[in-house]
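Report on the following structure.
The values are calculated or read from the model by the stated rules, or taken from the named source; none is laboratory data. Here the structure is a predicted model, which is why all the values come from computation and not from measurement. So basically every Cβ, Gly included, is an ideal-geometry build from the backbone, and we count neighbours across all protein chains shown.
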Amino acid sequence: MILTIITQENKGLRKKSEPVETITPEIVQFINNMIDTLRSKPGLGLAAPQVGKNLRIIIIESRGSKDEEGNIIYENIPLTILINPEIVKFSKEKVEMDEGCFSVPNIFGPVSRPKKVKVVAKDIKGKKILINTGGLLARVMQHEIDHLNGVLFIDLIPDKSKLKELKTDQEIQG
Ligand code: ZN
């Protein structure tokens, strides 16, 4: 089932989300709905508060994309479901990359973030997982985990003149 994505004027996006205590069948169904919702949109990730539930759940998936010349824009990332994700380590090195968000329609802009992160979380079966990575996955995980803490990417762009207009079919972090 495709869920409705809320946008920045909705106060739910500014709340700190609650940890998931038990992965009930209802939570599994909700995650399946999040997957349907993400796959219906041109984006790479989705956080539960974006579909109106203040729970610490994020999903990420990239089918990969290339520009007209065949250069890779976004690498492939298999479906990754993270419950109660927590960033336990950041690299000192930062990189800048354009970000967009389903909850902040029509704009995107450059956000500087740590290049690599170490994240601990639970998977959908409740098993502990550890992801130590850089690149696109590190970027999208940070964007989505920010959503769980009520932070939007535009908060990280103090110079609003750097915001640009999004093309309709452009893929965004979500
Ligand atoms: Zn977002």
Any residue in region 78-104 that is loosely packed, with under 13 Cβ neighbours inside 10 Å sitting within a Cβ distance under 8 Å of a residue that is among the hydroxyl-bearing types (Ser, Thr, Tyr) and part of a strand (DSSP E or B)? List the pairs, counting only those 6 or more apart or interchain. LYS94/SER112; GLU96/SER112
Meets criteria (part of a strand (DSSP E or B), within 16 Å of the ligand (Cβ to nearest atom) and within 22 Å of THR24 (Cβ to Cβ)) for ILE77: no
Tell me the residue from GLY135, GLY150 that is more than 16 Å from the ligand (Cβ to nearest atom) and either loosely packed, with under 13 Cβ neighbours inside 10 Å or among the small types (Gly, Ala, Ser) (or both), please. GLY135
Can you tell me which residue within region 38-69, out of those that are farther than 19 Å from GLY135 by Cα and among the acidic types (Asp, Glu), is nearest to the ligand (Cβ to nearest atom)? GLU68
Flag for PRO110 being surrounded by 19 or more Cβ atoms within 10 Å (Cβ to Cβ), at pLDDT 95 or above and within 16 Å of the ligand (Cβ to nearest atom): no
VAL95 vs (1) at positive phi; (2) in contact with a Ser or Thr (Cβ under 8 Å, 6 or more places away or on another chain): all pass except (1)
Between a residue in region 42-54 that is under 17 Å from ASN149 (Cβ atoms) and any residue that is within 10 Å of the ligand (Cβ to nearest atom) and among the hydroxyl-bearing types (Ser, Thr, Tyr), which pairs come within a Cβ distance under 7 Å, given they are 6 or more apart or on different chains? GLN50/SER103
Is it fair to say ILE60 is surrounded by 13 or more Cβ atoms within 10 Å (Cβ to Cβ), assigned to a loop (DSSP other than H, G, I, E, B), touching a helix residue (DSSP H, G or I) at 6+ places or on another chain (Cβ under 7 Å) and modelled with pLDDT of 95 or more? no
Looking at (1) in contact with an Asp or Glu (Cβ under 7 Å, 6 or more places away or on another chain); (2) under 20 Å from ILE59 (Cα atoms); (3) modelled with pLDDT of 95 or more, which is the one condition that is false for GLY126? (1)
For region 1-52, which residues satisfy the criterion of being touching a Pro at 6+ places or on another chain (Cβ under 7 Å) and of a type in the set (Phe, Trp, Tyr)? none
Take ILE83 and decide whether it is more than 16 Å from the ligand (Cβ to nearest atom) and within 25 Å of VAL51 (Cα to Cα). yes
Check region 155-172 and report whether any residue there is surrounded by 13 or more Cβ atoms within 10 Å (Cβ to Cβ), over 23 Å from THR4 (Cβ atoms) and among the polar types (S, T, N, Q). no
Based on this model, can you work out whether GLN173 counts as within 11 Å of the ligand (Cβ to nearest atom) and at pLDDT below 95? yes
